[in-house]
């Protein structure tokens, strides 16, 4: 008979029982246990999680006739393109942390670029951390959380130290002699130099990810590999060959190039991100020639990233990992290139809040009998949000669903993109009463709701909740949000209805219940 004390035996049995419960919570098996028998019956799915900074949907698969993006278009042909996907705040760190925690900015308490989400949520489990906790090897390469300072790091999320998470070295941002002999972080806003792809930071991220995939292939564990590309974020620097893909005069002009009629100043205030570059006037006035150059540079950077993603997907295929890997490509927010008289992001308009989102699953097989057939090469027009990615990947990979997520799994839309779905999606952006850049939640918060037809925004004093300005845009009459119709009596009923939707919040606008 064992000499182990009785109380220790009881404690061991209790812990074992709780582990069994944890493995079977929500009716979902551990990915390493195999729902249909032994672990050899069902292989856990890998996840290749590709983030692209400042990418709006200027891709061929989104109908952009200018963009040269053959690799993302090819991925879309075997996956689902979400035509109407939206971020929760059009700013890098708040948007990314909302996705990675599955929670909205007012829950993460991150509305700026300097706050770490664990200040408000010290025990929250991130998306990669959740996969790590269930037997996955997790690795971040490039910009995943944020690109600078403490917000760029979160040790609990990763099995391995992140690579190239922060890059402030001018030699990784610029390649021309003029820019390399300059000073400061922001030199010229564009650059076209005949250099190799890996001259810039994104090329090095791609090389590191290709190497890491080969290493992960040799380990008998599933992986969650997050790869974050920085372009097309400013400065618009890309190897010259990508600039040469475009004829500048054939790139469509920014239209409309003026602020929306009747828009409040809060809505159109510049973030002053572009103005910091040495070739941009301090007053923010951009000439027609400079606008064409910037738009050309943006498209060049998009093609550069498309090429790097193509190399990454080629490596996935070469290693025979494609049929065991979920691939998701997403942009953290949109971007203005002079439209509506605006540049960059940090507002609540369509061009800043709408993002590209592409997801491709492996084919159902004996290794993955649980996977429903994806309608490949389809475009889903339902409203989805970046907060939906966390529960979706958990659902597809058959992990237990954590508590507290503020999104909905859209895995059903991969099988049937026309099924009933959300009636609205939500974004927000803060402002200080004065100045261009806010700290924390600012003094004023702009809350936006997007329905099938409308965008409605309320600007509220943070301390009191008083509405000091409102906006209403009808996408059925004009898709570019050129006129704020909030005072138009023809929209009085719509205004009241949208106010109620915004007040009720995201929980009331969710998809119909799947319960019988």
Quiz item: Which fully enclosed strands (runs of 3 or more DSSP E) of the range 148-247 have 1 or more residues being within 25 Å of residue 280 (Cα to Cα), modelled with pLDDT under 95 and out of contact with any helix residue (DSSP H, G or I) (no Cβ under 8 Å at 6 or more places or on another chain)?
Solution: none
Quiz item: Does residue 131 qualify as being assigned to a loop (DSSP other than H, G, I, E, B) and either in contact with a helix residue (DSSP H, G or I) (Cβ under 8 Å, 6 or more places away or on another chain) or within 14 Å of residue 221 (Cβ to Cβ) (or both)?
Solution: no
Quiz item: Among (1) in contact with a helix residue (DSSP H, G or I) (Cβ under 8 Å, 6 or more places away or on another chain); (2) assigned to a helix (DSSP H, G or I); (3) in contact (Cβ under 8 Å) with a residue 60 or more places away in the chain; (4) surrounded by 24 or more Cβ atoms within 10 Å (Cβ to Cβ), where does residue 103 come up short?
Solution: (2)
Quiz item: Applying the selection to the range 109-123, what residues are more than 14 Å from residue 445 (Cβ to Cβ) and buried (at least 24 other Cβ atoms within 10 Å of the Cβ)?
Solution: 117
Self-check item: Conditions (1) surrounded by fewer than 19 Cβ atoms within 10 Å (Cβ to Cβ); (2) assigned to a loop (DSSP other than H, G, I, E, B): number failed by residue 292
Solution: (2)
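This table checks each residue for (1) under 16 Å from residue 278 (Cβ atoms); (2) exposed (fewer than 13 other Cβ atoms within 10 Å of the Cβ); (3) within 26 Å of the chain's Cα centre (by Cα).
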site	(1), (2), (3)
176	yes, no, no
195	no, no, no
208	no, no, yes
216	no, no, yes
219	no, yes, no
Quiz item: Mind checking which residues of the range 261-276 are over 26 Å from the mean Cα position of the chain (by Cα) and surrounded by 15 or more Cβ atoms within 10 Å (Cβ to Cβ)?
Solution: 263, 264
Quiz item: What about residue 305, is it in a helix (DSSP H, G or I) and touching a residue at least 24 places away in the same chain (Cβ under 8 Å)?
Solution: yes
Quiz item: Does residue 299 qualify as being part of a loop (DSSP other than H, G, I, E, B), out of contact with any strand residue (DSSP E or B) (no Cβ under 6 Å at 6 or more places or on another chain) and crowded, with 16+ Cβ neighbours inside 10 Å?
Solution: no
Quiz item: Do any residues in the range 246-264 that are under 16 Å from residue 293 (Cα atoms) have Cβ atoms under 9 Å from those of residues that are at pLDDT below 95 and assigned to a loop (DSSP other than H, G, I, E, B), where the two are at least six apart or on different chains, and which pairs are they?
Solution: 255/480
Exercise. Note down all Cβ pairs under 9 Å where the first residue falls in the range 406-419 and is at positive phi, the second is assigned to a helix (DSSP H, G or I), and they're at least six residues apart or on different chains.
Key: none
Quiz item: In the range 270-296, which residues are out of contact with any strand residue (DSSP E or B) (no Cβ under 8 Å at 6 or more places or on another chain) and at positive phi?
Solution: 272
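The values are calculated or read from the model by the stated rules, or taken from the named source; none is laboratory data. Please read all numbers here as calculations on a predicted model, not as lab measurements. Counting neighbours? That spans all protein chains shown, and the Cβs are built from the backbone with ideal geometry, glycine included.
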